[in-house]
Amino acid sequence: MGHHQPPQDTHALLIDAFLQNNRLDHVTQVMGLHPKYLDVFLRTQNFILRGDGPLPYDYRHYIAIMAAGRHQCSYLVQLQKQEFLMQGGDKTWLKGLAHIPQKLRNLYEINKILAHRPWLLNKSHIKMLTKGTDNWSLSEVVHAIVLLVHFHCLCSFVYGCGVSEEVDASETTDTISSEGYTSDMDTGVGVDTLMQRMKTLSEQQEEFSAEERAKRFERVELQSVELGTSAGLRITPSIGHFVDDPDFIYEDFARRGEDSTIPTFRVQDYSWDDQGYSLVNRLYNDVGNLLDDKFKTAYNLTYYTMGGRRDVDTSRFRRAIWNYIHCMFGIMHDDYNYGEVNHLLERSLKSFIKSTCCFPERTTKADYDRVLREFKHSEKVHVNIMVLEARMQAELLYALRVIMRYMT
């Protein structure tokens, strides 16, 4: 391992976060269960909001508000409104989208698409921003996109861990149907069974044709469609003025229409490691390194425990979660056997992951309590960190691929 510095202890990190923000918000407290991740998360968030970058500070916080608005996350909207004003932001902008500069207004379409159906993003969206009056530079576009996806995905974490309910419990009562959970609510697969399945899978080195792999991917994709989630958004009055076109929500990638020209996104053609990372680093200095660190930390985070058992190699379980999330966004890893998803992720966990990923605003603390019953609180938070990061990588892959196409 070489001369790796020991991670700061959680206590020091929390004090640091407190000093930077004058308070310790719930997100930081919950993430503090995983100090190694919290460290790189805070470094990234501080950099994109307060570090060197092409966008003015008031724009950054307003973009965060626009992003959190897509998922009705009044918790994050309130925090960012305070930050916006502290940066000297014009308070008339807080009256809503009708009161902001046209340049910012023009970003809303990209915000909406990335939040719910990132596969619909295309070159014309980037072109519209970078041409004409009020135009954006490509560096500004990339900075804005990183902010948007960061806050979209942070909404998933906030709702997935039940963080928001402490703040706006009054506003979120009974808006979520429990559809999709009833079938096997109590029959949850136990940790021992899960460990046994991972062991079996690691012993099975099967070989598959590319065709068989693609078939298995499609099967998982179609099964995800069956995990219905109740429709329609109830807009929280306090943030409705930051939301445009509230009916535009996630639709299953697999349902994108028979005549759709949108193919599955194949990671072997465009991946974070090979293309995305260097592009983002080139257009918005250093942020690629931070994001890369954050993805790797989340993906590799392990304590070799599961529900109180020790010395468990959880990598298969973690990979199943990551790839399942990508699958819901139409992203396929060619070297992965998607059969593992069904072996390792029970239906209730898939429902929970789909909900936090695609409809965070419909996820309640009760859903959090109901899923993975034998897992410790910190292990569930770990799953939510995976959701945040895998989703973020999915949104970024679509956005960066489009920017690359625009540039070439």
Open item on the list: Tell me the carbon and sulfur percent of the accessible area for the stretch 307-408, rounded to whole percent, probe radius 1.4 Å.
Closed with: 47
Open item on the list: With the crude spin-label approximation of a point 7 Å out along Cα→Cβ, what separation in nm comes out for N289 versus K103?
Closed with: 2.8
TODO: For the stretch 344-389, state what percent of all Cα-Cα pairs lands in each successive 5 Å bin, counting from 0 Å until the bin that includes the largest distance.
DONE: 5, 22, 36, 30, 6, 0
TODO: Between S124 and S238, with labels modelled 7 Å along Cα→Cβ, what's the label distance in nm to one decimal, could you check?
DONE: 3.9
- [ ] Might you report the magnitude of the Cβ-based charge dipole of the chain about its Cα centre, with Lys and Arg at +1 and Asp and Glu at -1, to the nearest 20 debye?
- [x] 620
- [ ] Pull out the extension gain between L222 and K199, defined as 0.36 nm times the separation in residues minus the alpha carbon to alpha carbon distance; nm, one decimal.
- [x] 5.6 nm
- [ ] Please give the calculated 222 nm ellipticity per residue for the chain, where each DSSP H segment of at least 4 residues contributes -39500 (n - 2.57) and the sum is spread over every residue; nearest 500 deg cm²/dmol?
- [x] -17500 deg cm²/dmol
TODO: Could you give the size of the charge dipole of the stretch 230-330 about its Cα centre, using +1 on the Cβ of each K and R and -1 on the Cβ of each D and E, expressed in debye and rounded to the nearest 20?
DONE: 580
Open item on the list: Which residue, L290, L301, F317, has the largest displacement toward the positive end of the dipole of the stretch 275-319 when charges sit on each Cβ (Lys, Arg +1; Asp, Glu -1)?
Closed with: F317
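State, as an integer percentage, the relative contact order of the chain based on alpha-carbon contacts under 8 Å between residues 6 or more apart.
Working: 494 pairs, mean separation 108.0, N = 408.
Reported relative contact order: 26 percent.
Between A210 and D52, 0.36 nm times their residue separation minus their Cα-Cα distance comes to what? Present the calculation step by step, with values, prior to reporting the outcome.
Working: separation 158, 0.36 × 158 = 56.88 nm, distance 4.44 nm.
Once the chain is fully extended between A210 and D52, it gains 52.4 nm.
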Task: Those lysines that a straight Cα-Cα span of less than 17 Å connects to K81, excepting residues fewer than 8 apart in one chain - done: K91, K95
Task: Dipole in debye (nearest 20) - the stretch 296-356, about Cα centre, beta carbon charges: Lys, Arg +1; Asp, Glu -1 - done: 240
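Going from most exposed to least, what order do E109, E218 have by accessible area with a 1.4 Å probe?
Working: E109 75, E218 95 Å².
Order by accessible area, largest first: E218, E109.
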Open item on the list: Set the bar at 28 Å for Cα to Cα. Now go through K103/K123; K123/K365; K215/K376 and name every pair that lies beyond it.
Closed with: K123/K365; K215/K376
TODO: Quick one: go through the stretch 116-135 and flag any residue whose amide nitrogen is under 18 Å from the point 7 Å out along the Cα-to-Cβ line of T261.
DONE: 118-128
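The values are calculated or read from the model by the stated rules, or taken from the named source; none is laboratory data. It should be emphasised that the depicted structure is a prediction, and the values quoted were computed from it without experimental measurement. Glycine gets a Cβ as well: all are built from the backbone with ideal geometry, and neighbour counts include every protein chain shown. The area values use the complete protein model at the heavy-atom level, side chains included, leaving out ligands, DNA and RNA. Shrake-Rupley method; radii C 1.70, N 1.55, O 1.52, S 1.80 Å.
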